[in-house]
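Values in this text are rule-based calculations from the coordinates and carry no lab data. Please read all numbers here as calculations on a predicted model, not as lab measurements. When we count neighbours, we look across all protein chains shown, and the Cβ atoms used for this are built from the backbone with ideal geometry, even at glycine.
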Amino acid sequence: MVITVTIRPNGARTEIRGLPWTGNSRDNYTVLEAAIGASRRGQVTYDRTGRFFSVARGHTGALIAYLGQRYGEVGIIQHGGVARCVSACWNAEPDTAWECECSGAGSNHGSQRPIGRVVADVGAAGALAVAPLEPRRWTYTPG
């Protein structure tokens, strides 16, 4: 089973699933406390309903690096974010997508249509459209 770290939007706590069971319920707390350099109990919590551990969002980078070193691989799911695209992008020539500076990295460049919905009609680069981003999934394997 792959250990999975889930990062949610809006500052929510980072979730950890799939830690190996050792037979001692305290062991995973100890591993996670070491990962984040916990100075007191309670910095690592367990959600019985969702069946996952969690830590404050600020510890995410250290957590992923530590779990990767300890277990060799960490699956990461990052939720949240908004794709932003301006009319100068979607009305451009498709073969200039490499010039795109929108958060979609050229995926909507030259499409002749906005992503999601238009939220502003006037701006330096024209109208602005936004759409929720799909969760990004990747695997971290240390060096």
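Annotation: amide H of residue 52 within the under-5 Å range of 47, sequence separation 5 or more or interchain, hydrogens built in the peptide plane. For the pair residue 117 and residue 88, the difference between a 0.36 nm per residue extended length and the Cα-Cα distance amounts to 8.9 nm. As a proxy for reagent exposure, ranking 29, 46 by other Cβ atoms within 10 Å from fewest up yields 46, 29. For region 29-42, 3J(HN,Hα) computed residue by residue from phi via the Karplus equation (6.51, -1.76, 1.60; θ = phi - 60°) reads 4, 4, 4, 5, 5, 5, 4, 9, x, 4, 9, 7, 5, x Hz, glycine and proline entered as x. Charged side chains reduced to their Cβ positions (Lys and Arg at +1, Asp and Glu at -1) give region 3-132 a dipole of some 820 debye around its Cα centre. Using a Förster radius of 35 Å, what is the FRET efficiency between residue 57 and residue 107 based on their Cβ-Cβ separation? Nearest 0.05, please. Efficiency at R0 = 35 Å is approximately 0.80. Among 77, 7, a tally of other beta-carbon atoms within 10 Å of each Cβ gives an order, fewest to most, of 77, 7.
One compactness figure for region 3-78 is 1.00, namely its Cα radius of gyration divided by 2.2 N^0.38 Å. Its relative contact order, with pairs defined as Cα atoms under 8 Å and 6+ residues apart, puts the chain at 24 percent. Note on residue 26 and residue 43: the model spin-label points, each 7 Å out from Cα along the C-beta direction, lie 1.8 nm apart. Neighbours of residue 78 by Cβ distance under 13 Å: Lys/Arg scored +1, Asp/Glu scored -1, total +2.
Spin-label model, residue 70/residue 140: points 7 Å from Cα along the beta carbon direction are separated by 1.3 nm. Radius of gyration (Cα atoms) of the chain, expressed as a multiple of 2.2 N^0.38 Å: 1.39. Near the amide H of residue 83, within less than 5 Å, lie the amide hydrogens of 131, 133, all on another chain or at least 5 residues away, with H placed in the peptide plane. Our coupling estimate for region 66-82, obtained by passing each phi through the Karplus curve with A = 6.51, B = -1.76, C = 1.60 and θ = phi - 60°, is 5, 5, x, 5, 6, 10, x, 7, 9, x, 10, 10, 10, 9, x, x, 10 Hz, Gly and Pro reported as x.
Each Cα pair under 8 Å and six or more residues apart adds its sequence gap; the mean of these over the residue count of region 29-102 is a relative contact order of 20 percent.
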